[in-house]
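Structure record follows, encoded as structure tokens.
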Amino acid sequence: MTGISSTPDQTDATSEKLPGLVYRSWFMFVLILVSASVVGERFMMAVMVGPIKAELKLSDTEIGLAKDMAIAIVYIIAVLPLARLADRWSKRKIIALSAGLWSIAVLICGAAKGFWMLLVGRALIGLGEGGYTPASQSWIADHFPLRQRATAMAIFLLGASLGNFLGPAVGGWLTHNYGWREAMFYAFLPGIVLAPIVWFTLRDVRPGLADNVSKADAEIQPFVATVKQLLAIRTLPLLMLSSALNTLITMGLVSWAPAFVERSHGMSAQDAGIQMGGALFLGSVIGHTVGGPLSDWLGRRDLRWYIWMGMLCGAAAMVIAWLALSAPMNLVFPLLGLNMLIGGMSAAPLLAVIAGLAPAHSRSVAVALLMIAINVIGLGLGPVFVGWLSDMLTPAYGQEALGMAMRIVLLVGGPSFVLAWLASRACLGDFDRAGGWSAGKPVAAALH
């Protein structure tokens, strides 16, 4: 996508208007609820493992395959073609259909009589997530100009934090009081209610309108050409890889933190779960809330702050994580919460840059590429890599092997920092070529 010119075909970009503040506030509120729904439905099964395993007579391997692996595999396969469909068709319809799909998938899980039916239900949740994630972030970029986009992304991310908290908390309460099948039925309700709300009360906005890009410049290219164009934007692959490495560190910490405090400090699993859930929820909410507006404010002075924030926050989070692994038991989870807060500050500016540098016709595909990198490297390899290292170190370190493995994984922060620094060196030219951003004139003027 090229910069803005004064040719006649640009007049449509200035004659059209973005929806008003009241509608956009409603739009964001609905997307927050939809995010909380899908994240909550995905993670509530974590508190149902015991009763599901006992009733369906499953092994730990089968539970792991159904609970996590089925979602991850289907998500990785589906996210790119569904993102392409969202760019070519309707983000509103994709999101509404996705919400309906994952709601029905939860009902299938609740009705499961054995492993395969449970696996199919969880796989369909992954399919719904694959449709929702790129379309939602791209849709937000369609509604908000660059000077507001990181703030809008930060507000949107609150839905995921809410889902991370409510899914296990409400799911655990429902399972305890009514059983896991009834809990799945109640979990079906939010998404099936929200799907028609999305379909009938929200509307698609022309891609590029918020960036003053004409319809001609927003035309869709062939898929292969689209991917090549995105990867040719030097900042994007550097940021995607840097973010994936940061996610590897985060998931290596979070997924093994309860086991770490149990082995190294003797804390019970129940106490570890409660403390970790509260610390991570508060840390992520505060981090997301602060990170978006702060990056928009700093970005008006120098666009590189959108990337510098991620680079500096990643380095600070790495140091805090090291302190948490060496701290007394009563400081471990407060420090991990602080780690999540500092790391969370970089999420909104990252999404704003990915959506802002991608051409308007391929934003969903750009988000999908980011999600694939994060899921394959971060979510896929992070926990497994820590577990493998711990097994390798156990003969030498015994109970302390897990903590040592988690410290070693923190060293991945070094390459992540270098990649982000390289992205910051390339970004000004990419911002200028993207249109709407500007490296060649005062930033305040470029963003207003």
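Quick notes on this one:
- Å² per residue, accessible surface of the range 276-435 at 1.4 Å: 37
- Highest-MSF residue in the chain out of Thr289, Thr235, Thr226 [GNM, Cα springs under 10 Å]: Thr226
- Mean Kyte hydropathy of 1.0 or more with a Cα span along the axis of at least 18 Å, helices from DSSP in the chain: 21-43, 70-88, 91-110, 180-201, 235-254, 305-326, 329-344
- Entry comment: accessible area of the range 90-154 is 25 Å² per residue, from protein heavy atoms only and a probe of 1.4 Å.
- Thr394-Arg433 FRET efficiency (beta carbon distance; Förster radius 60 Å; 0.05 resolution): 0.70
- The charge dipole of the chain, taken about its Cα centre with unit charges on the Cβ atoms of Lys, Arg (+1), Asp and Glu (-1) only, comes to about 580 debye.
- Percent breakdown of C-alpha pair distances by 10 Å bin, ordered from the shortest bin, for the range 238-382: 12, 38, 33, 14, 4, 0
- GNM result for the chain, Cα springs below 10 Å: residue of Ile320, Ile372, Ile274 fluctuating most strongly: Ile274
- Protein heavy-atom accessible surface, 1.4 Å probe, per residue over the range 174-243: 50 Å².
- Size-normalised alpha-carbon gyration radius of the chain, reference 2.2 N^0.38 Å: 0.98
- Over the chain: helical MRE at 222 nm, DSSP H runs n ≥ 4 each giving -39500 (n - 2.57), nearest 500: -25500 deg cm²/dmol
- Over all other residues within a Cβ to Cβ distance under 12 Å of Gly167, the charged ones net out to 0, with Lys and Arg as +1 and Asp and Glu as -1.
- Percent accessible area from carbon and sulfur atoms, the chain, protein chains only, probe 1.4 Å: 70
- Comparing Cα centroids, the range 261-307 and the range 403-428 end up 18 angstrom apart.
- Other residues with beta-carbon under 13 Å from the beta-carbon of Ile233 carry, at +1 per Lys or Arg and -1 per Asp or Glu, a net charge of +2.
- Legend: residue pairs Lys91/Lys228; Lys17/Lys93; Lys53/Lys91, Cα-Cα distance threshold 27 Å; pairs beyond threshold, Lys53/Lys91.
- Extension reserve of the Phe115-Leu331 stretch, reckoned as 0.36 nm per residue once the Cα distance is removed: 73.8 nm
The values are calculated or read from the model by the stated rules, or taken from the named source; none is laboratory data. Predicted model, so just to flag it, every value in this text is computed and none were measured. Note that each Cβ is placed from the backbone with ideal geometry, even for glycine, and that neighbours are counted across all protein chains shown. In case anyone asks, the SASA skips ligands and DNA or RNA and just uses the protein heavy atoms, side chains included. Shrake-Rupley method; radii C 1.70, N 1.55, O 1.52, S 1.80 Å.
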